[in-house]
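Down below is the structure, laid out as structure tokens.
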Amino acid sequence: MLGEGIIKGMAATAKNFLGSYVQEERLTTVQYPEERLPQKEAARNFPFLVYDGNDWQKGLRCVACQICEKECPPKCIYIVKDAIKKPDYIGKLQLQPKVFDIDTSVCMSCQICVEVCPFDAIKMDVEFELSTDDRFAKLLLKKEDLAKPNKYYQRIHPSEAAEVDGRLAAEKAKAEAKAKADAEAKAKAAVASPKPPPASALKTPAIPSPAPALAK
């Protein structure tokens with residue numbers, strides 16, 4: 001029949017159009033900002049820094065390796081490495097960024113910084129209500145603005161955070177097991193190696209000098 005495909009297409013269009021008014025799952029319009037749709041887990045906007053523990057300054061996962069700064073296409077990340085190591089949230093001495101800035105007016109949310117980070121220290125946020133009347137200072141996010149706890153990361157990206165937490169826990173357990181095995185090996189080697197003799201036993205006994213010959 002001539003035009004049958006067009007009729008079927010128009011019927012599907014009419015069905016979807018009318019269904020968007022009567023089917024609850026199709027009613028996508030909400031009265032924003034009083035009503036809000038839940039964010040999708042795969043949503044992303046600007047990066048943020050993840051920290052562990054309760055103190056964001058000690059708990060930052062970032063070690064200022066500057067890989068993200070080098071790989072950033074628009075060059076919106078600025079990092080200055082601290083000159084000395086400081087204890088992290090578990091007391092381990094670690095390098096940290098003295099300065100970590102992201103210019104969100106330049107950032108294009110490409111997520112390359114997340115992909116190249118070897119420490120899972122930087123992730124993509126889903127917050128989008130960032131309007132401001134100051135297009136300079138308010139759009140330049142500093143370290144204290146970027147730092148957010150791991151619990152926040154678990155809330156906005158639960159599946160991804162679970163995978164990261166599991167991998168980090170496995171790496172930590174492996175490192176602890178290796179350190180324990182090395183300590184045990186050193187202890188066994190110390191027990192097995194013979195103790196050196198005391199210094200007194202190593203002294204050469206004195207040889208008496210010959211008596212002087214009597215004159216004839």
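The values are calculated or read from the model by the stated rules, or taken from the named source; none is laboratory data. The model shown is predicted, which means the values in this text are computed figures rather than measured ones. When we count neighbours, we look across all protein chains shown, and the Cβ atoms used for this are built from the backbone with ideal geometry, even at glycine.
State all residues of region 120-141 that are surrounded by fewer than 18 Cβ atoms within 10 Å (Cβ to Cβ) and either of a type in the set (Gly, Ala, Ser) or under 17 Å from Ser109 (Cα atoms) (or both); if no residue qualifies, say none.
Taking region 120-141 first, the residues surrounded by fewer than 18 Cβ atoms within 10 Å (Cβ to Cβ) are 126-140.
Listed by number, the residues that qualify are Val126, Glu127, Phe128, Glu129, Leu130, Ser131, Ala137, Leu139, Leu140.
Applying a threshold of 8 Å to beta carbon distances and a minimum spacing of six or more residues, or different chains, the list of pairs starting in region 61-78 at a residue that is part of a helix (DSSP H, G or I) and ending at one that is hydroxyl-bearing (Ser, Thr, Tyr) and buried (at least 16 other Cβ atoms within 10 Å of the Cβ) reads Glu69/Tyr78. Checking each residue in region 17-35 for being in contact with a Lys or Arg (Cβ under 8 Å, 6 or more places away or on another chain) and either loosely packed, with under 10 Cβ neighbours inside 10 Å or not in a loop (DSSP other than H, G, I, E, B) (or both) picks out Gly19, Ser20.
Identify all residues within region 87-120 that are among the hydrophobic types (A, V, I, L, M, F, W, C) and either in contact with a Lys or Arg (Cβ under 7 Å, 6 or more places away or on another chain) or outside any loop (DSSP other than H, G, I, E, B) (or both); write none if there are none.
Within region 87-120, Leu93, Leu95, Val99, Phe100, Ile102, Ile112, Cys113, Val114, Val116, Phe119 meet the criteria.
The lone criterion from (1) in a helix (DSSP H, G or I); (2) in contact with a Phe, Trp or Tyr (Cβ under 7 Å, 6 or more places away or on another chain) left unmet by Lys123 is number (1).
Selection of first residues in region 40-60 that are on the phi > 0 side of the Ramachandran plot and surrounded by fewer than 19 Cβ atoms within 10 Å (Cβ to Cβ) and of second residues that are assigned to a helix (DSSP H, G or I) and not acidic (Asp, Glu), restricted to Cβ pairs under 6 Å at least 6 apart or on distinct chains, gives the following pairs, ordered by first then second residue: Gly53/Gly59.
Counting only residues that are over 22 Å from Ala42 (Cβ atoms) and either modelled with pLDDT of 95 or more or acidic (Asp, Glu) (or both), how many does region 120-139 have?
Narrowing region 120-139 to residues over 22 Å from Ala42 (Cβ atoms): 131-139.
Cutting the leftovers down to either modelled with pLDDT of 95 or more or acidic (Asp, Glu) (or both) gives us 133-134.
Within region 120-139, residues that are over 22 Å from Ala42 (Cβ atoms) and either modelled with pLDDT of 95 or more or acidic (Asp, Glu) (or both) number 2.
Looking across region 133-161 at every residue that is acidic (Asp, Glu) and touching a residue at least 24 places away in the same chain (Cβ under 8 Å), the one that is farthest from Val50 (Cα to Cα) is identified as Glu160. The number of residues in region 1-38 being within 30 Å of Phe128 (Cα to Cα), at pLDDT 85 or above and among the acidic types (Asp, Glu) comes to 2.
Just one of (1) in a helix (DSSP H, G or I); (2) out of contact with any helix residue (DSSP H, G or I) (no Cβ under 9 Å at 6 or more places or on another chain) fails for Asp134. It is (1).
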